[in-house]
Structures are given as structure tokens and as C-alpha cells.
Amino acid sequence: MKTPLWMTVIIIIFLLPVFAFPILLANLPAGDEAVRLFVWIYPFYMVLSAWLAWNAYPRRSYISWILLILMGLSTVAVWTLELHPMDIVI
């Protein structure tokens with residue numbers, strides 16, 4: 001069984017925010033290394049999650065849906081972190 005075309009299209013739609021990576025880099029807050037680290041990890045995480053969701057769908061579709069939800073939440077988190085930086089106290 002293969003991943004259906006409609007699911008492949010949904011995965012690609014969830015992956016589209018990765019193409020905004022140059023905008024994320026251009027708007028990094030100065031001197032905040034934690035945000036910089038998360039922004040640099042973000043595209044690798046998204047591509048890996050999309051690939052895993054695509055591969056998992058034929059056997060375990062619920063895993064694909066969970067990965068897609070996490071991809072959406074990660075996108076919201078990275079953009080929120082980028083646009084509304086706050087002091088991180090460790």
C-alpha cells in the first residue's frame with residue numbers, strides 16, 4: 001500500500017513554511033543564541049517529520065496525523081519565538 005496522493009499534498013502543505021527560512025534568519029533577534037539554535041534546527045526537523053509522516057501513512061496513519069499536528073505546532077512556536085522574543089532564564 002502506498003501513501004495516497006491527497007495525503008502527500010497535505011504533507012507538502014504542512015512543509016511549505018520551511019521556505020520562509022530566509023525570512024526567519026533575517027529577523028533573528030540580536031544576541032539571542034537560543035532562538036538562533038531553534039531557527040536553525042527548524043527546517044531539518046520539518047523535512048524529517050514530513051518524510052516520516054509520508055513513510056508511516058500506509059501502515060500507521062495515526063502516526064502521520066500526529067506528526068502533522070506537531071509540524072503545525074512547531075511552525076507556530078518558531079514564528080512566535082521569532083516575532084515575540086522574551087528573556088529566557090536558565
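No value in this document is a laboratory result; all are computed from the given coordinates. Keep in mind that what you see is a predicted model, and the values were worked out from it rather than measured.
If you take the Cα Rg of the chain and divide it by 2.2 N^0.38 Å, with N the number of residues, what do you get?
1.22
Fully extended, how many nm does the chain gain between TRP40 and LEU70 (0.36 nm per residue separation, minus their Cα-Cα distance)?
Full extension from TRP40 to LEU70 adds 9.1 nm.
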